[in-house]
Amino acid sequence: MPAPDFDVVEFAALLRSLPPHLPISDAFEASQTQGSDSRWPTQRLHMTRWFEAQASLGSGQYSRSAPNHSSRIAYQRLQSAYALVWIAEALGANAATLQTAVDDAATEPDHRRRMGLLRRHLPWDMIAELATRRLAEQRREPGPLGKQSLNALRKRLRATRFRRH
């Protein structure tokens, strides 16, 4: 059975509810040259905005001919090693698996190969399973997502899209 997919707006809302700083992802990011991710104060903010923007036509160098509503596709397109590690850790990935992924990625100088190594350790199937569990927990215990409808989430995200967090 294929792994579930999520609407990018729903996935962004889930990411927004997760902790912004975690030990493994923070240490990985601190140990590497920041590069293009340096404008984001947290990977949570970076990824919330990344997944939200997928539902639009984008702008500038991130323009696309059609909106993308698939979190799976957005995850596969993502080119930030720090973000992949944060997503997995924030959703509750096994610490040993995560550390192995980080150790392998940290020694790979080629960006594309590094992303491939991380995705082998942190595939979408694993992320989707962790996200499904997290969403089920949040539905049992109303919190940031509670029992809101997807339309209510979209409305709230549109209203807060341009506010800094």
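The values are calculated or read from the model by the stated rules, or taken from the named source; none is laboratory data. Because the structure is predicted, anything quoted here is derived from the model rather than measured. Reconstructed Cβ throughout: ideal geometry from the backbone, glycine too, with neighbour counts over all protein chains shown. In case anyone asks, the SASA skips ligands and DNA or RNA and just uses the protein heavy atoms, side chains included. Shrake-Rupley method; radii C 1.70, N 1.55, O 1.52, S 1.80 Å.
The set of residues from the range 118-128 being part of a helix (DSSP H, G or I) and over 10 Å from LEU84 (Cβ atoms) comprises ARG120, TRP124, ASP125, MET126, ALA128. Being open to solvent by 60 Å² or more (accessible area, probe 1.4 Å), among the basic types (Lys, Arg) and either touching a Phe, Trp or Tyr at 6+ places or on another chain (Cβ under 7 Å) or not in a loop (DSSP other than H, G, I, E, B) (or both) is the requirement here; does ARG44 meet it? It is true that ARG44 is open to solvent by 60 Å² or more (accessible area, probe 1.4 Å), among the basic types (Lys, Arg) and either touching a Phe, Trp or Tyr at 6+ places or on another chain (Cβ under 7 Å) or not in a loop (DSSP other than H, G, I, E, B) (or both).
If the requirement is being on the phi < 0 side of the Ramachandran plot, surrounded by 18 or more Cβ atoms within 10 Å (Cβ to Cβ) and assigned to a loop (DSSP other than H, G, I, E, B), which of these qualifies: ALA83, ALA93, ALA66, ALA3? Only one candidate passes the filter, namely ALA93. When ASP26 is tested against (1) over 18 Å from ALA90 (Cα atoms); (2) free of Cβ contacts under 8 Å to residues at least 12 places away in the same chain, only condition (1) is not met. Scanning the range 96-137 for residues that are free of Cβ contacts under 8 Å to residues at least 40 places away in the same chain, open to solvent by 50 Å² or more (accessible area, probe 1.4 Å) and farther than 23 Å from PHE11 by Cα yields ALA96, THR100, ASP103, ASP104, THR107, PRO109, ASP110, HIS111, ARG112, ARG113.
For ALA12, indicate whether it is part of a loop (DSSP other than H, G, I, E, B) and either farther than 20 Å from LEU98 by Cα or of a type outside the set (Ser, Thr, Tyr) (or both). Give the steps one after another, and end with the answer.
Working: part of a loop (DSSP other than H, G, I, E, B): no; either farther than 20 Å from LEU98 by Cα or of a type outside the set (Ser, Thr, Tyr) (or both): yes.
Spelling it out, it is not the case that ALA12 is part of a loop (DSSP other than H, G, I, E, B) and either farther than 20 Å from LEU98 by Cα or of a type outside the set (Ser, Thr, Tyr) (or both).
I'd like the full set of residues that are over 22 Å from LEU22 (Cα atoms), open to solvent by less than 60 Å² (accessible area, probe 1.4 Å) and not in a helix (DSSP H, G or I), limited to the range 69-80. Matches in the range 69-80: SER70 only.
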